[in-house]
Amino acid sequence: MRFEPEAEDEFEAACGLLVDRLVRWAREQALPVDGFTAETALDYRHRATADGRLGLWESRHVEELLLSWLPEQVTECPGEEHTDAPGTLGTLLCYLHATQLADPRGPALEDSLAAVDATAGQYPAAMADHTRWGMAKFWAMTAAEQGVDVLDGAALQRFAERAQRGEVVYDQQVLAHSVFTHSFVCGPTGLRP
């Protein structure tokens, strides 16, 4: 349940297997689950945290996933049914504990679920907050808002070409904020690229 950053193949295989088993288990338990969201949560623990422990979910991990990682990374198009990410995360945590895959150094299941509950109410606003969007999400959402089917690669390519020619209307302040936020890391000595 721990993968080094360079262990991509091993992580991908384990993640796929874990998500498949989670989805089956959740359906048997009649719990909310979205496979893509579960995979994204595991991807967050593998890529965005230093320890790469898929079974360790402290309250800070719950908060960062729901209020930072998903709002930055995941595009929910207008008119699309939104996934219940907090519900899926709660189900994932229950599954990890039920199958003894939860990291023993982590909090009790009740504490982890309380962290999900405490953060869940803030999740919809975080997903809608343009200042939290990454560059890819900014452009995908801009395209979707302008009627482009972002699942159609050719349509998205035409949109990108129009944007490069300056023919697309977009919020320049939000784009500038996204570029600034996602191009620099704050460190003890200030900003650095």
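No lab work stands behind these numbers, since they all come straight from the coordinates. This is a predicted model, so every value here is computed, not measured. Neighbour counts are summed over all protein chains in view; Cβ atoms, including those assigned to glycine, are modelled from backbone coordinates with ideal geometry.
Here are some notes:
- Taking each residue as 0.36 nm, the span from ARG165 to ASP111 lengthens on full extension beyond its C-alpha to C-alpha distance by 14.3 nm.
- Per-residue 3J(HN,Hα) values for the stretch 43-55, derived from phi via the Karplus relation 6.51 cos²θ - 1.76 cosθ + 1.60 with θ = phi - 60°, read 4, 4, 5, 7, 9, 9, 10, 5, 8, x, 8, 5, x Hz in sequence order (x marks Gly and Pro).
- Sites ARG158 and ALA48, calculated FRET efficiency, Cβ-Cβ separation with R0 41 Å, nearest 0.05: 0.80
- Linear extension gain, GLN146 paired with GLU6, 0.36 nm per residue minus alpha-carbon span: 46.6 nm
- Exposure rule at most 10 other beta-carbon atoms within 10 Å, DSSP loop GluC sites (Glu not before Pro): the chain longest free segment: 82-166
- DSSP loop trypsin sites (Lys or Arg not before Pro) with at most 12 other Cβ within 10 Å: longest gap in the chain: 1-104
- Backbone geometry of the stretch 63-71 corresponds, through the Karplus equation with coefficients 6.51, -1.76 and 1.60 at θ = phi - 60°, to 3J(HN,Hα) couplings of 5, 5, 4, 6, 9, 10, 4, 5, x Hz, x marking Gly and Pro.
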